[in-house]
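Undergrad: The structure that follows is given in the form of structure tokens.
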Amino acid sequence: MAGDTGMAGMLALLLWAQILGLAGAQTTQLLVDPPWRPALLWDQVTLTCQGSETAGATTWYQHGQHWWQEGPANFTVTASGIYRCDRPGTGLSPPMRVLNARLVLQGPAWELLEGDTMTLRCRCWRDMSVTEVRFYHEDKEVGRSLTGTKLSLSPLQLNHSGRYRCRGQVDSKVAPWMLSAPVTVTVHVPMDIATITPGVLELTL
């Protein structure tokens, strides 16, 4: 009986390790510095590919086309576009957009969880002055400022997910009022070990 109990415990631990391994399965990630999405070309953005294998195995894609075979793990972007990277064993990364637009709304490049604080910032090309900024969530105004260019939401809730835009008056004689392209924000529920149902570890021998 004691041997059966010990065997059941070992199998339970093995199953637990497999569950945790699946939950933390590694995928290729494309990191951006400064850590904002979408990235802005005039910020001298650095992209870093993280995944399995050596750095020399990195393949880069631009606009969905093969661009750089056996490239470096990181580089400074010199042209706007949509970038992805690939590493053998962990596959293709999510896309990263680098813009050179006149007015851009940026959000954090990290995962947003319920309860966090999120800051959105409305920026004009090469940090020209922008005033009377208004922020919109799904076309509904959620904030405005005569001189500020940031909107903070805290604590984040799931209903904060969706598309955001900003509109502002730019120091320009050509187009004084501008509206940014939409930015999609996704708020996630925090995940932890407690979310794994304990019943899956109950084994009958």
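Undergrad: Would any residue of region 80-109 have its amide N under 16 Å from a label point 7 Å out along Cα→Cβ of D171? List them or say none.
TA: 103
Undergrad: Among P190, M96, G148, which residue has its Cα furthest toward the positive end of the charge dipole of region 53-192, with +1 on Lys/Arg Cβ and -1 on Asp/Glu Cβ?
TA: The residue sitting most towards the positive pole is G148.
Undergrad: Another question, if that's okay. Need one value: the accessible area of K150 in square angstrom, 1.4 angstrom probe, rounded to the nearest 10.
TA: 130
Undergrad: Let me ask something additional. Any idea of V32's accessible area? Nearest 10 Å², probe 1.4 Å.
TA: Surface accessible to solvent at V32 totals approximately 20 Å².
Undergrad: Only Cα pairs under 8 Å and at least 6 apart count here; give the relative contact order of region 56-176 as a rounded whole percent. The partial results should precede the final answer.
TA: Working: 214 pairs, mean separation 22.5, N = 121.
Once divided by the residue count of region 56-176, the mean separation gives 19 percent.
Undergrad: Hey, another quick one. Would you please classify the overall shape of region 76-138 from the alpha carbon gyration tensor, given that a ≥ b ≥ c denote the square roots of the eigenvalues, rounded means a/c under 1.5, and beyond that prolate means a/b larger than b/c while oblate covers the rest? Working shown, then result.
TA: Values: a/c = 3.18, a/b = 1.41, b/c = 2.26.
Here region 76-138 falls in the oblate category.
Undergrad: Further question on the same structure: Using 0.36 nm times the number of residues separating A101 and W42, minus their current alpha carbon distance, what extension gain do you get? Display every interim value, and only then the final one.
TA: Working: separation 59, 0.36 × 59 = 21.24 nm, distance 1.00 nm.
Full-extension gain reported as 20.2 nm.
Undergrad: I'd like the accessible area for Y61: 1.4 Å probe, protein heavy atoms, all chains in place, Å² to the nearest 10.
TA: In the full protein context, Y61 sits at about 60 Å².
Undergrad: Okay, moving on. From the protein chains alone at 1.4 Å, what is the descending order of accessible area for H137, H66, largest first? Don't skip to the answer; put the middle values down first.
TA: Details: H137 35, H66 105 Å².
Largest to smallest exposure gives the sequence H66, H137.
The values are calculated or read from the model by the stated rules, or taken from the named source; none is laboratory data. Just so it is clear, the structure is predicted and the values come from calculations on it, not from any experiment. All Cβ positions, glycine included, derive from the backbone under ideal geometry; neighbour counts span all protein chains shown. Protein only, heavy atoms only, side chains kept; ligands, DNA and RNA dropped before computing areas. Shrake-Rupley method; radii C 1.70, N 1.55, O 1.52, S 1.80 Å.
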